[in-house]
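S.K.: Quick one: this structure, given as structure tokens, is what I'll be asking you about.
The values are calculated or read from the model by the stated rules, or taken from the named source; none is laboratory data. Here the structure is a predicted model, which means the values were calculated and not measured. In this analysis, Cβ positions are derived from the backbone assuming ideal geometry, glycine residues included, and neighbour counts consider all displayed protein chains.
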Amino acid sequence: MKGAGRRKEDQISMNEHVTPPNGSSIASLAAWTLHTDAAYTTDLALRQAELLTLDSIGCAFASHDAGSPRRVAALVQELGGNPQCAAIGQGFRTSVLNATLLNCALVRSLDFNDVQFIMKEGKLHVGGHCSDTLASALAVGEMIGAQGRDVLTAIIVGYELFRRMRNLMPYSSIWDGTSALGIVAAAMAGRLLKLDVEKQTNALALAAARCATPSIVRYGELSGAKNMVSAFTAQQGVQAALLASKGMTGPKQILDHKWGLTTVFDPALGIQDLWAPITDTLYIMDSHVKTYACIGTAQSEIVAALQARDMVRGRIDQIEAIDVTMADLPIIRKQQAEVHRLTPSTRETADHSFTFLPAVVLIDGTLTKKQFENQRWDEPVTKALTAKVRLSVSSELAASAPTAMPCNLKIHLAGGEIIETECLYPPGHSFPDRGLNRAPVVEKFTDITGGFMDRDAQQKLIDGLLDLRNAASITPIMGMLSAASKH
């Protein structure tokens, strides 16, 4: 969806709309986040937002028993609060801030939600997971009874803002990409609350003052913080918008002053691009759904392993080596070099392990939550096969699928037989000109929510969420999310 066809007078109008009211970048950005562009309301963009909302809610249901959200749910219930919003799959309601914290943690905790790739220094890189904060828009929308189309539009703007903030973060940054998400949550909340430009400026400034997250949360021996930092920043973002609606002010030079966030979001990388008109494909169209419960850069690896599984069934003990070749990209080299991921010892490192993942898939013929239970990475057979995986990269493979993270798999068997499989684009890959394929998204939702609701309840949610644009209020649909629980 390109902006090249937009009328010249529309672009002039938009430029006038985002003229800084007081000369600060945050004010210019605030005005941009409140603007409504025709690109946000096309059928394709709205359909994509609906599919990603369905997927995110499915991920939230699936992670109800994961460590981090289970602890958050216990705390939220202890704290209580005004029952404004659904706690997804939990059977209770809570305040908008508690719902933001819990629901965002639920969406994120299995690392099963959508993933975005962005270009950094001429190379494809993992941009992050914008749906980490999607549930914050749902919580605010439910609190105020917002129309479905307004919530979807806020989500689309949030995705676009996320790309723009991430583009100001160098590849070598010591700051994690989730640093952008507090500002995104504040922008979505303020838009739904219909704040004026001045209050939205303060909302973004307040959120920015609390958003910076160090990259250590995502490397080394991964901790529970990895899956919680986006929920923390989202909660702060929503709180910032609510405080701004009451008249609270924030530091408006936070993106410009040397004592602000210039080391997090480098103005020299194009600060003015934050509030530029939409002239390219919306970022939400580049959001890919993970059809397997593991890191986004391993999705094609899983497909390649599944393709090979029938050919090695009953012959696992004959495998001498497994060559995994991935795209020659800085992010892949960095992830392949992570020592803790080569021999995982926790759930968090196992679902990021390029060595464990193909091994367990070849043994089991599937990849679900069960493959991470009972410390499968420590079982002798799995551990032995994991040790036989050899990782490498290829520039030719990268060129064959320049917008994806492709994988080639070669299994060497005793006697000299070689089994080779390859996946360029996994089922959940989104192509900008047509978006996500509906079928794998719905199939995934049905599979991972089957233990929480019957088929009728599933279908009602699927029908409601995939027609969210026509909902007069999202409150009834959100009410289904806390009721649809068997536990």
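Residues checked against (1) over 23 Å from His429 (Cβ atoms); (2) in the same structural domain as Leu54 (by TED's automatic domain parsing); (3) at pLDDT below 95:
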| residue | (1), (2), (3) |
| --- | --- |
| Asp280 | no, yes, yes |
| Ile284 | no, yes, no |
| Ser300 | no, no, no |
| Gln307 | no, no, no |
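S.K.: Still on this structure, I have one more. Looking at (1) aliphatic (A, V, I, L, M); (2) closer than 25 Å to Ala139 by Cα; (3) not in a loop (DSSP other than H, G, I, E, B), can you tell me which one Met453 breaks?
M.R.: (3)
S.K.: I would also like to ask the following. With respect to Ile183, determine if the residue is surrounded by 24 or more Cβ atoms within 10 Å (Cβ to Cβ), β-branched (Val, Ile, Thr), on the phi < 0 side of the Ramachandran plot and in contact (Cβ under 8 Å) with a residue 40 or more places away in the chain. Reasoning before the result, please.
M.R.: Working: surrounded by 24 or more Cβ atoms within 10 Å (Cβ to Cβ): yes; β-branched (Val, Ile, Thr): yes; on the phi < 0 side of the Ramachandran plot: yes; in contact (Cβ under 8 Å) with a residue 40 or more places away in the chain: yes.
Considered against the rule, which asks whether it is surrounded by 24 or more Cβ atoms within 10 Å (Cβ to Cβ), β-branched (Val, Ile, Thr), on the phi < 0 side of the Ramachandran plot and in contact (Cβ under 8 Å) with a residue 40 or more places away in the chain, Ile183 comes out as yes.
S.K.: Would you confirm, using the coordinates I've provided, whether Val157 is crowded, with 24+ Cβ neighbours inside 10 Å and not in a strand (DSSP E or B)?
M.R.: Values: crowded, with 24+ Cβ neighbours inside 10 Å: yes; not in a strand (DSSP E or B): yes.
For Val157, the condition - crowded, with 24+ Cβ neighbours inside 10 Å and not in a strand (DSSP E or B) - is met.
S.K.: Is there a residue being basic (Lys, Arg) and farther than 21 Å from His352 by Cβ anywhere in region 92-105?
M.R.: Scanning region 92-105, I find at least one residue that is basic (Lys, Arg) and farther than 21 Å from His352 by Cβ, so the answer is yes.
S.K.: Follow-up. Anything in region 468-487 that is closer than 19 Å to Val140 by Cα, surrounded by 14 or more Cβ atoms within 10 Å (Cβ to Cβ) and out of contact with any strand residue (DSSP E or B) (no Cβ under 7 Å at 6 or more places or on another chain)? List them, or say none.
M.R.: Leu468, Arg469, Ala471, Ser473, Ile474, Thr475, Ile477, Met480
S.K.: Test Leu481 against the criterion of being touching a helix residue (DSSP H, G or I) at 6+ places or on another chain (Cβ under 8 Å) and not in a loop (DSSP other than H, G, I, E, B), and give yes or no.
M.R.: yes
S.K.: Further question on the same structure: For region 221-250, give me each residue that is more than 22 Å from Leu192 (Cα to Cα) and not in a helix (DSSP H, G or I).
M.R.: Glu221, Leu222, Ser223, Met228
S.K.: Step by step: first the residues of region 256-310, then only those that are in a loop (DSSP other than H, G, I, E, B) and among the charged types (D, E, K, R), then the one that is surrounded by the fewest Cβ atoms within 10 Å (Cβ to Cβ). Which residue is that? Steps first, please.
M.R.: Looking only at region 256-310, we keep the residues that are in a loop (DSSP other than H, G, I, E, B), and these are 256-266, 270, 276-282, 289-295.
Those still in the list that are among the charged types (D, E, K, R) too: 256, 258, 266, 280, 290.
Numbers: Asp256: 15, Lys258: 7, Asp266: 15, Asp280: 16, Lys290: 24.
Among those that are in a loop (DSSP other than H, G, I, E, B) and among the charged types (D, E, K, R), it is Lys258.
S.K.: Right, here's the next one. On the basis of being among the acidic types (Asp, Glu), part of a helix (DSSP H, G or I) and at pLDDT below 95, does Glu396 make the cut?
M.R.: no
S.K.: Could you tell me how many of the residues in region 40-85 are out of contact with any strand residue (DSSP E or B) (no Cβ under 6 Å at 6 or more places or on another chain), more than 18 Å from Gln116 (Cβ to Cβ), crowded, with 16+ Cβ neighbours inside 10 Å and of a type in the set (A, V, I, L, M)?
M.R.: Of the residues in region 40-85, 7 are out of contact with any strand residue (DSSP E or B) (no Cβ under 6 Å at 6 or more places or on another chain), more than 18 Å from Gln116 (Cβ to Cβ), crowded, with 16+ Cβ neighbours inside 10 Å and of a type in the set (A, V, I, L, M).
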